[in-house]
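The values are calculated or read from the model by the stated rules, or taken from the named source; none is laboratory data. Just so it is clear, the structure is predicted and the values come from calculations on it, not from any experiment. We place every Cβ from the backbone using ideal geometry, glycine too, and count neighbours over all the protein chains shown. Ligands, DNA and RNA are stripped out before the accessible areas are found, and what is left, the full protein with its side chains, is counted by its heavy atoms. Shrake-Rupley method; radii C 1.70, N 1.55, O 1.52, S 1.80 Å.
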Amino acid sequence: MKAVVITTPGGPEVLQLQEVEDPEYGDDDVLIRVAATALNRADTIQRKGLYPPPKGTSLFLGLECSGTVEAVGRNVTRWKIGDQVCALLSGGGYAEKVAVPTGQVLPVPAGVSLKDAASFPEVACTVWSTVFMMSRLSAGETFLIHGGSSGIGTFAIQIAKYLGAKVFVTAGNEEKLAACRDLGADVCINYKSEDFVARVKEETQGKGVDVILDNVGGPYFQRNIDSLNMDGRLFIIGFMGGTVTEVNLQGLLARRLTVQAAGLRYRSTENKALIVSEVEKNVWPAIVAGKVKPVVYKCLPLSEAAEGHRLMESSSHIGKILLVT
């Protein structure tokens, strides 16, 4: 098969489409012929040599895919050859075939194309596990998403609105803020021209929001703490701004705040299967009902993975960038 190979750690130009061995699949695995994969910020970090795949998993990039089942392991009962599926991966999506544990495979939601289905697994599992399973965002609460126009952000806006939260977002220009507004965001803040802490306080009568999903890290940590309501929850899923900061802990104690951080990739197979099961039960009905839609910015052929990475690192996109085999 063909796969995108990181020829040496570095910039987007190190990505090359090459002929490689087909993946091996085990008794509990599904072998998928990939139709599309979606880019994630983590892919660009792995390309630089800074985010190695978990031991024993594919060395290729790609944390999600959609495609058709080509073969199943002897213990797999749910899926059969020819099924159209999408899947959460530990790696391997930038290829013509990928093997994945059966518990990380999802049906393509009714009404969504096979190609567009690749845009859902990573964002749905990330947002559902962090915002809902761990931070317990519920109807009537307020929710701030940093980077509202990203793949994570565009999905989080829609599912949070569907479940009855009031949604605040930050983004860096008016085009991105308009896209967030179109998806249902209630309060849209340009972080380059506005102080998001002041705007959050103004919009919540001084209370702050209940849950924040943050991918910036260090530079936003104190400001996020200052933006939280009593019993507020901050969830950190990335460190685009850096990992080191100084913080005044007083607010944590005074307002009974919770700070958590987690990623998906290094979780156990069992934990990923649980998250995928919860996503199918809670998120897939919203997608089928048309309340959560794929937000795809651009589709490129697998051979143009480097161009996809350049686009992602420019941060000019809104939603997901797909690579199509």
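The simple Förster model, with R0 at 41 Å and r as the Cβ-Cβ distance, assigns ARG78 and ARG256 a FRET efficiency of 0.45.
Can you tell which of ALA178, ALA156, ALA36 shows the greatest fluctuation in a Gaussian network model of the chain with Cα springs below 10 Å? The residue with the greatest mean-square fluctuation here is ALA178.
For MET230, the solvent-accessible surface computed with a 1.4 Å probe is close to 80 Å², ligands and nucleic acids excluded. Its relative contact order, with pairs defined as Cα atoms under 8 Å and 6+ residues apart, puts the chain at 19 percent. Per-residue surface analysis assigns SER149 an accessible area of about 10 Å², computed on protein heavy atoms at 1.4 Å probe radius. Label zone of ARG136 (point 7 Å out along Cα→Cβ, amide N under 12 Å): in the stretch 197-234 this covers 231-233. Given a 1.4 Å probe and the protein chains as shown, ARG267 ends up with an accessible area of around 50 Å². Extending each Cα 7 Å along its Cβ direction at ASN271 and SER113, get the distance between those two points in nm, one decimal. Computed distance between label sites ASN271 and SER113 equals 3.6 nm. Working note: Karplus 6.51/-1.76/1.60 with θ = phi - 60° gives the stretch 313-325 the couplings 6, 6, 6, 8, 7, 10, x, 9, 10, 10, 10, 10, 7 Hz, where Gly and Pro are set to x. How many percent of the accessible area of the chain is carbon or sulfur, using a 1.4 Å probe? Of all accessible area on the chain, carbon and sulfur atoms account for 51 percent. Remark on VAL295: its backbone amide H falls under 5 Å from those of LYS320, a criterion applied only to residues 5 or more positions apart or on other chains, H modelled at 1.01 Å from N.
The charge dipole of the stretch 93-246, taken about the Cα centre with unit charges on the Cβ atoms of Lys, Arg (+1) and Asp, Glu (-1), comes to about 240 debye, rounded to the nearest 20.
Around the amide H of ASN229, modelled in the peptide plane, lie the amide H atoms of VAL209, ASP210, all under 5 Å away and 5 or more residues distant in sequence or on another chain. Cross-link partners for LYS97 among the lysines, with Cα-Cα distance under 28 Å and sequence neighbours closer than 8 places in the same chain left out: LYS2, LYS48, LYS55, LYS80, LYS115, LYS272, LYS281, LYS293, LYS298, LYS320. What the chain shows is 42 Å² of accessible area per residue, with the surface traced by a 1.4 Å probe over protein heavy atoms. Computed from point charges on the beta carbon alone (+1 for Lys and Arg, -1 for Asp and Glu), the dipole magnitude for the stretch 134-210 about its Cα centre is near 180 Debye. Taking all protein chains together and a 1.4 Å probe, the residues ASP116, ASP22 rank ASP22, ASP116 from largest to smallest accessible area.
About the Cα centre of the stretch 202-325, what is the dipole size in debye to 20, counting +1 per Lys and Arg Cβ and -1 per Asp and Glu Cβ, all else neutral?
Values: 14 positive and 13 negative charges, 57 e Å.
Magnitude of the dipole: close to 280 debye.
Taking label positions 7 Å along the Cα-Cβ direction at both ALA71 and THR7, the computed distance is 3.0 nm, reported to one decimal. Label zone (THR243, point 7 Å along Cα-to-C-beta; backbone nitrogen cut-off 18 Å) within the stretch 50-69: 50-55.
Calculated [222 nm] ellipticity per residue, helices only, for the chain: -7500 deg cm²/dmol; basis is -39500 (n - 2.57) per DSSP H run with n ≥ 4, divided by all residues, nearest 500. Karplus-based coupling profile of the stretch 193-199, in residue order and whole Hz: 10, 10, 7, 5, 5, 4, 5, with θ = phi - 60° in 6.51 cos²θ - 1.76 cosθ + 1.60 and x standing for Gly or Pro. One decimal place: the segment LYS281-ALA198 gains 26.2 nm when fully extended, by the rule 0.36 nm per residue minus the C-alpha distance.
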